[in-house]
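Visitor: After the structure tokens below, expect a handful of questions from me.
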Amino acid sequence: SVLSLATDSAPRTADALRVYPNPCILGTHSRLVIDSLPRNARVEVRTLNGRLVATPEVDQGLHRSVWRPTGIASGIYLLVVHGPAGSHVTRVAIIRE
């Protein structure tokens, strides 16, 4: 028999963050995936001037969040990831067809 021990593969920081598809073309894509989140992360989507647009739910087991952008304009948005080691900001382009 084989013993397999599962380990928590959550990164400690958001430096390894993966966001896809980027750009997200609404009409072609229906969602944006924020992957490789640190343990106990929170995700915020903000405009370039800092207005909060969404707070997508985080699946702590998969270390992933999925944002389904609706009712927003084309443009650049900021993904702010808050984790135990601090905050990390990355950009995503949303394009409406």
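The values are calculated or read from the model by the stated rules, or taken from the named source; none is laboratory data. These numbers were taken from a predicted model, which means no experiment stands behind them. A quick note on method: Cβ atoms are made from the backbone with ideal geometry, for glycine too, and the neighbour counts reach across all protein chains shown. Accessible surface is based on the protein model in full, side chains and every heavy atom, while ligands, DNA and RNA are left aside. Shrake-Rupley method; radii C 1.70, N 1.55, O 1.52, S 1.80 Å.
Visitor: Two decimals is fine: what is log10 I(q)/I(0) at q = 0.12, 0.27 Å⁻¹ for the range 16-96, from a Debye sum with one equal scatterer on every Cα and no solvent?
Guide: -0.30, -1.45
Visitor: If we sort 47-60, 78-91 on the protection proxy, mean other Cβ atoms within 10 Å, highest first, what's the order? Let's see the in-between values first.
Guide: Working: 47-60: 12.9, 78-91: 15.4.
Packing proxy ranking, top to bottom: 78-91, 47-60.
Visitor: Find which of ALA16, GLY75, LEU52 sits farthest along the positive direction of the dipole of the range 16-96, computed with +1 on the beta-carbon of Lys and Arg, -1 on that of Asp and Glu, about the Cα centre.
Guide: Positive-most Cα among the choices belongs to GLY75.
Visitor: In the range 11-71, carbon and sulfur make up what percent of the accessible area (probe 1.4 Å)?
Guide: Carbon plus sulfur share of accessible area: 46 percent.
Visitor: Still on this model: By average Cβ neighbour count within 10 Å, what is the ranking of 32-39, 20-27 from highest down? Mind showing how you got there, number by number?
Guide: On the way: 32-39: 19.5, 20-27: 14.2.
Result, highest mean Cβ count within 10 Å first: 32-39, 20-27.
Visitor: Let me ask something else about it. Where only protein heavy atoms count, and the probe is 1.4 Å, what is the accessible area per residue for the range 16-96 in Å²?
Guide: Details: 4430 Å² over 81 residues.
For the range 16-96, the solvent-accessible area averages 55 Å² per residue.
Visitor: For the range 28-83, what relative contact order do you get, as a whole percent, if you take Cα pairs closer than 8 Å and at least 6 residues apart? All intermediate terms of the calculation are to be shown ahead of the outcome.
Guide: On the way: 94 pairs, mean separation 25.6, N = 56.
After rounding, I find 46 percent.
Visitor: Once phi is turned into ³J(HN,Hα) by the Karplus curve 6.51 cos²θ - 1.76 cosθ + 1.60 with θ = phi - 60°, what whole-Hz value does each residue of the range 21-34 show in order, with x for glycine and proline?
Guide: The phi angles translate into x, 9, x, 9, 9, 5, x, 9, 10, 10, 8, 10, 9, 10 Hz.
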